[in-house]
Every structure is written in structure tokens, then in C-alpha cells.
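Heads up: the structure comes next, in C-alpha cells.
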Amino acid sequence: MKLKDILNEITISRNIEINLEGNSILIKQGDKDFGKLERIDIAYQGFSDRIYRGYLFTEGGQINLSGGKSGLFEFYDAVGAGRGAEARDFFKSYGVKLTSSEFDVS
């Protein structure tokens, strides 16, 4: 393993390991290798602008980030995506789609 590969490995809460490799964002959680990140879904509470949770969709399945905007922004910060339009452009460059959904908390 090269030094640059070690520097690209980041671990965040829920034991999620992120590796930026070439044009891919690779995700592992614990011993499971989920592979390439394909989509991030941001679930909002009901009809509000309050973030319930972020979900990572990979080649190997779904990973739930920590709750609220803190979990989503922790992931964004770990990969250096920024926020808002900057994040959308960043993920687009890696072939990752950003989607949103509603979560009914009632």
C-alpha cells in the first residue's frame, strides 16, 4: 500500500471507512466491503427542510449514516465535498448521484 492510499483512507462514526481511489469513492463498514458509492439519499423529516438521515447506496448495499445533518455533514467533510452546490459538483465528479426523500416521523 502506498502512502497516498493511506492518506486517502478516512474512518467516521459507525465504523464507516471511506477511501478515495481514482474516480471512485469506496466504502467499508467493519469487515464488510460495500464497494463503490453510487448514490447518496438525504431523507428529510416530513415536509420540512430538517434532515432526518443520510443514506449511502453502494454496489454492496445500503449504509445508514448517523442521524440528522451531523452524520451527513460528517461524511461530506470527510471526503472534502463542501456543502450545497459545491457538494453536488464534487459527488458528480465521482459519478455519485444525490437524491432526496421524505421520512414520515409520525
When the accessible area of region 52-106 is computed with all protein chains present and a 1.4 Å probe, what percentage of it is carbon and sulfur?
48 percent
Once ligands and nucleic acids are excluded and a 1.4 Å probe is used, how much of E38 is accessible, expressed in Å² to the nearest 10?
90 Å²
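How high is the relative contact order of the chain, in percent, with contacts defined as C-alpha pairs under 8 Å that are six or more residues apart? It would help to have the intermediate numbers written out before the result.
Working: 199 pairs, mean separation 25.8, N = 106.
Relative contact order for the chain comes out at 24 percent.
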With R₀ set to 25 angstrom, the calculated FRET efficiency between the beta-carbons of K32 and K97, to the nearest 0.05, is 0.70
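Which FRET efficiency, nearest 0.05, do Q62 and D89 yield, Cβ-Cβ r, R0 25 Å?
Approximately 0.55, to the nearest 0.05.
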Quick one: Karplus J couplings for region 93-101, per residue in order, coefficients 6.51, -1.76, 1.60, θ = phi - 60°, nearest Hz, x for Gly and Pro?
5, 9, x, 9, 8, 10, 10, 9, 8
Please compute the Kirkwood hydrodynamic radius over region 6-66, one decimal place, Å, based on all pairs of different Cα atoms.
12.3 Å
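Please work out the average accessible area per residue across the chain, using the 1.4 Å probe convention, and give it in Å².
Values: 6290 Å² over 106 residues.
Solvent-accessible surface per residue comes out at 59 Å².
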Helix 68-79: inclination vs the chain longest Cα principal axis, degrees, rounded to 10, gives 20 degrees
Over all pairs of different Cα atoms in the chain, the reciprocal of the mean inverse distance gives a Kirkwood radius in Å of 14.1 Å
Can you give the accessible area of R53 in Å² (nearest 10), computed on protein heavy atoms with a 1.4 Å probe?
40 Å²
Exposure rank, largest accessible area first [S13, S93; 1.4 Å]:
S93, S13
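Full-extension gain between T11 and F47, please, as 0.36 nm times their residue separation minus the C-alpha to C-alpha distance. Write out the running numbers ahead of the final one.
Details: separation 36, 0.36 × 36 = 12.96 nm, distance 3.21 nm.
Extra length available between T11 and F47 comes to 9.8 nm.
The values are calculated or read from the model by the stated rules, or taken from the named source; none is laboratory data. Note that this is a predicted model, so its numbers are computed, not measured. Virtual Cβ from ideal backbone geometry, glycine too; neighbours counted across all protein chains shown. Protein only, heavy atoms only, side chains kept; ligands, DNA and RNA dropped before computing areas. Shrake-Rupley method; radii C 1.70, N 1.55, O 1.52, S 1.80 Å.
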